[in-house]
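Asks: Pasting a structure here, questions to come.
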Amino acid sequence: MPNLTRIVNLAGEIYKSSDFKEPRRPGKKVFSDLYICQMVVVQNLKGYANNESAFLRSSTSHQFKTFPKIPSQQQYNQRSRRLKPVIDQLTEILLRKLGADKTKIRIIDATGVPVVKFYRRWRTKSFNDQRLFGVGYCAAKKERYYGQKLTLIINQQGIPIAYHLTSARQHDVKGLKPAVKSLEGVWLIGDKGYAGNKIHQELKLEQRIKVIVAKRKNQKVRNTKWEKRKLKHRRLVEVVNEQLKDQFLLERLKAKSPQGLASRIRNIIFSYLIATYFNKKYHRNILSIKEILN
């Protein structure tokens, strides 16, 4: 059985175990939430995260047996955006099955999510809300971009636990509190962008979260040997971010609205979780996402 078929069946098994009650919709029911959810997972794993029309054409021409009927592009776009309730519930089940809470270590990092070409930032009407979008700087590429910033939190295995979207103009530390609102009693490892004694003290008192960041050169206090050992785990989140950019096209989503952008990122994170659970179940390297379809 091809791995892609196994993944589709796996999504079906998780859906059935969730006891999710699909809301009633007027008219004849042709495509269930599960059916659309399975299509979204296949779309992202096959590298069509930013191109629904190409994915639907590919599914039609190859006659993928799991999807005997293919919705129109408009119908597929509308239904995939409305998957939040079912994806939220399935994500909770996936995290339990993956044992995501077994270790105390959590790793945080922020990465840019451009929404338009930088030179077109003044002409965009869909993404002109300055509270949600702004100009950011990518240190790795040494260039500016216009869009949002994805703050991602993973565990020691590389499994995404939580994420939060903020304006790209905001400093990394601004996305810290919203991203960790569901966490408690963990060690949070981050880079120098998350330095801030005040917010660290607040998290320690309110949620028992110990934040460990690399100290800057101009700081008198230095990292202890224990902290330096923990900081070595930070490289893992960079690997996950690179996979999201490479395999799931995080930097080229081509969304046409803020709602569309949010739904695409949500569907991508969910597809990534499905892939990691598949790898764990079949005793593969949990982060070998790209090799799943080989």
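Just so you know, all these numbers are worked out from the coordinates, no wet-lab data involved. As the structure is a computational prediction, the values presented were derived from the model and not from experiment. FYI the Cβ positions are ideal-geometry reconstructions off the backbone, even for glycines, and counts take in every protein chain you see.
Asks: Tell me which lysines have Cα within less than 23 Å of K21's Cα, excluding those fewer than 8 residues away on the same chain?
Replies: Correct list for K21: K29, K69, K84, K97.
Asks: Distance between the C-alpha centers of region 235-273 and region 30-54? Whole Å please.
Replies: 14 Å
Asks: Same structure again: Using Cα atoms only, what is the angle between the long axis of helix 235-246 and the major principal axis of the chain, expressed in degrees (0 to 90) to the nearest 10?
Replies: Long axis of 235-246 versus the principal axis of the chain: about 40 degrees.
Asks: Pull up the cross-link candidates among the aspartates and glutamates for K104, meaning alpha carbon to alpha carbon under 20 Å and not fewer than 8 places away within one chain.
Replies: By straight Cα distance, K104 reaches E92, E184, D191, E202, E206, E227, E238.
Asks: Let me ask something additional. Grab the alpha carbons of the chain, take their convex hull, and tell me the volume per residue in Å³.
Replies: Dividing the Cα hull volume of the chain by its residue count gives 156 Å³.
Asks: Using 10 Å bins from zero, what percent of all Cα-Cα pairs in region 208-294 falls into each bin?
Replies: Here the calculated profile for region 208-294 is 14, 32, 27, 22, 6, 0.
Asks: From the P(r) of region 105-254, could you give the percentage of C-alpha pairs in the tail past 18 Å?
Replies: 59 percent
Asks: When you count, for each residue, the other Cβ atoms within 10 Å and take the mean per peptide, how do 102-109, 132-139, 192-199, 67-74 rank with the highest first?
Replies: 102-109, 132-139, 192-199, 67-74
Asks: Run the helix sum for the chain: -39,500 (n - 2.57) per DSSP H stretch of 4+ residues, divided by residue count, reported at 222 nm to the nearest 500 deg cm²/dmol.
Replies: Estimated from H runs of four or more residues: -13000 deg cm²/dmol.
Asks: Between Y282 and Q74, what's the calculated FRET efficiency when r is the beta-carbon distance and R0 is 41 Å? Round to 0.05.
Replies: Efficiency at R0 = 41 Å is approximately 0.70.
Asks: With a/c under 1.5 counting as rounded, go ahead and sort region 1-141 into rounded, prolate or oblate using the C-alpha gyration tensor (a ≥ b ≥ c being the square roots of the eigenvalues; past the cut-off, prolate if a/b is larger than b/c, else oblate).
Replies: oblate
Asks: I would also like to ask the following. Using a Cα-Cα cut-off of under 17 Å, which lysines could be cross-linked to K177, ignoring same-chain neighbours fewer than 8 residues away?
Replies: Here the lysines satisfying the reach criterion relative to K177 are K149, K192, K198, K204, K210.
Asks: Continuing with this model, one more query. Treating the beta-carbon of each Lys and Arg as +1 and of each Asp and Glu as -1, no other charges, what is the dipole magnitude of region 105-254 about its Cα centre, to the nearest 20 debye?
Replies: Taking the Cα centre of region 105-254 as origin, the dipole is about 600 debye.
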